[in-house]
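Undergrad: My questions all concern the structure below.
The values are calculated or read from the model by the stated rules, or taken from the named source; none is laboratory data. Given the structure is predicted, the values throughout are model-derived calculations rather than measurements. Neighbour counts are summed over all protein chains in view; Cβ atoms, including those assigned to glycine, are modelled from backbone coordinates with ideal geometry. Quick note on the areas: whole protein, heavy atoms, side chains included, nothing else; ligands and nucleic acids left out. Shrake-Rupley method; radii C 1.70, N 1.55, O 1.52, S 1.80 Å.
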Amino acid sequence: MDFDDQLRRYFATTDLSQVPQGALESGIEKMQVDLGMEEDRGRRFALWALLTMLGAAPDLDVAFKDPADRDTARDFMEMMERAQQGEAEG
């Protein structure tokens, strides 16, 4: 699942700064519903990752039943945290 495709699907644009607050909330809600219904591990992870970046992802134990998937999600969160720290330092 391509990042830009996800943005277009849920927000009708790839520029989130152009999305009105109500539409952003609606898109996030749709993503959360889709995450709950998605069975494909890769698509599920992609949805969860975007929700994480938007500050709206469920806890790992809710989002992922498989411990390996939870570990991968933790790795992603750590990577994002390091990237944010690097931006703050630079």
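Undergrad: Suppose we keep only residues that are modelled with pLDDT of 95 or more and among the aliphatic types (A, V, I, L, M) within segment 20-46. Which one would you say is nearest to Arg74 (Cα to Cα)?
TA: Taking the candidates together, the pick is Leu35.
Undergrad: Return the residues of segment 45-62 that are of a type outside the set (Phe, Trp, Tyr), in a helix (DSSP H, G or I) and in contact with a Leu (Cβ under 7 Å, 6 or more places away or on another chain); say none if nothing qualifies.
TA: Leu47, Leu51
Undergrad: Can you tell me how many residues in segment 34-90 are in contact (Cβ under 8 Å) with a residue 40 or more places away in the chain and open to solvent by less than 40 Å² (accessible area, probe 1.4 Å)?
TA: Result for segment 34-90: 3.
Undergrad: Also, I was wondering about something else. Going through Ala68, Ala23 one at a time, which residue ends up being assigned to a helix (DSSP H, G or I), closer than 16 Å to Gln6 by Cβ and among the aliphatic types (A, V, I, L, M)?
TA: Ala23 is the lone residue from the list that is assigned to a helix (DSSP H, G or I), closer than 16 Å to Gln6 by Cβ and among the aliphatic types (A, V, I, L, M).
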